[in-house]
Amino acid sequence: MTSAPGPLTIGVLALQGAYDAHARTLTALGAIPRLVRVPQELNGLDGLIMPGGESTTMLKFLDRNGFFEVLQSYVKSTPTFGTCAGAILLATHVESPTQRSLGALDITVERNAYGRQIDSTILTAETVLPGGPLEMVFIRAPRIRLTGPGVETLATRDGFPTLVRSGHLLAATFHPELSHDSRVHQLFLDTVRQHKSAL
Ligand code: GLN
C-alpha cells in the first residue's frame, strides 16, 4: 500500500434501485461516491457498486447506449461490488427464471429464492469478517446456489453463501447499505485499495 493514499472514487450504478444509501455509506467511510447513469461516467473510477433493485429492469436500462457491453468488460478488470440485484447481474448463471448477466463472478444464483412469506427479513449471523456477527437485510433476495473454484464464502444463511469474494469482485445477496454496520463496504474499499496499489 502506498503512503498517505488519497480518497477513493467509487461509482454507484444509478439506473434504478437502492443507490443513494450506498453513496451515503461510502461518504461516511471517506470515499467519494459518483452516481453512474451512462457508460462514460465509468471513466476514472477506482471501483463500482451495483446496488439492489430489480435486475430485469436494470438490464433494460443497460440495453441503452451499449451500456451492457461496456459494463461487461469493465467488471472484468475493475473492482466491483454487487448487492442483491447487483449480485445477480455479476453472476455467471441466473435461474428462476434464467436471465442474461454480465457473467463475471463464478456463481449460480436463484432469484427470489426465499418465497413470499419470508422474502424480506433481517438476520444476524456469523461471518469470517473480524468484528463478530453480521446483520443482513434481505429484500426479495436471491440465493447463491453454487460457487465456482476461487470463490470465497464470507457469510451464509441456512448454509448458502450470502457474501462472496473472488479476486476484485464482491457480491452480497443482502443490503449492507441498509445496516449501520459498514464492515462490508469497508471490505470492498480495502479490496479496491489493494487492487489499485497492485497496478
Ligand atoms: N428480486 C430482485 C431481482 O431479482 C432482487 C431484489 C433486490 O435487489 N433487493 O432482481
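The values are calculated or read from the model by the stated rules, or taken from the named source; none is laboratory data. Just so it is clear, the model here is predicted, and its values are computed rather than measured. Note that we place each Cβ from the backbone using ideal geometry, even for glycine, and neighbour counts take in every protein chain shown.
Table for the structure above
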{"quantity": "Single residue of segment 131-153 satisfying the filter (within 18 Å of THR80 (Cβ to Cβ) and in contact with a helix residue (DSSP H, G or I) (Cβ under 8 Å, 6 or more places away or on another chain)) that is nearest to the ligand (Cβ to nearest atom)", "calculated": "PRO142"}
{"quantity": "Number of the condition not met by ALA155 [criteria: (1) buried (at least 18 other Cβ atoms within 10 Å of the Cβ); (2) touching a strand residue (DSSP E or B) at 6+ places or on another chain (Cβ under 7 Å); (3) of a type in the set (Gly, Ala, Ser); (4) in contact (Cβ under 8 Å) with a residue 40 or more places away in the chain]", "calculated": "(4)"}
{"quantity": "Given (1) buried (at least 21 other Cβ atoms within 10 Å of the Cβ); (2) assigned to a helix (DSSP H, G or I), index of the condition GLN186 fails", "calculated": "(1)"}
{"quantity": "Candidate set: segment 165-183, residues that are free of Cβ contacts under 8 Å to residues at least 60 places away in the same chain and of a type outside the set (S, T, N, Q); chosen: the one surrounded by the fewest Cβ atoms within 10 Å (Cβ to Cβ)", "calculated": "HIS180"}
{"quantity": "Near pairs, Cβ below 9 angstrom, 6+ apart or cross-chain, from segment 44-68 (closer than 13 Å to ALA18 by Cβ) to any residue that is in a loop (DSSP other than H, G, I, E, B) and away from the ligand (no atom under 13 Å from the Cβ)", "calculated": "MET50/LEU102; PRO51/ALA14"}
{"quantity": "Qualifying residue in segment 18-33 (condition: at pLDDT below 95, in a loop (DSSP other than H, G, I, E, B) and either of a type in the set (Ser, Thr, Tyr) or within 14 Å of the ligand (Cβ to nearest atom) (or both))", "calculated": "yes"}
{"quantity": "Residue match in segment 123-145 (condition: among the acidic types (Asp, Glu), under 24 Å from ASP46 (Cα atoms) and surrounded by fewer than 16 Cβ atoms within 10 Å (Cβ to Cβ))", "calculated": "no"}
{"quantity": "Conditions (1) modelled with pLDDT of 95 or more; (2) surrounded by fewer than 22 Cβ atoms within 10 Å (Cβ to Cβ): number failed by ARG64", "calculated": "(1)"}
{"quantity": "Contacts under 8 angstrom Cβ, first residue in segment 82-97 being over 8 Å from THR108 (Cβ atoms) and modelled with pLDDT of 95 or more, partner assigned to a strand (DSSP E or B) and near the ligand (Cβ under 8 Å from one of its atoms), 6 or more apart", "calculated": "CYS84/ILE139"}
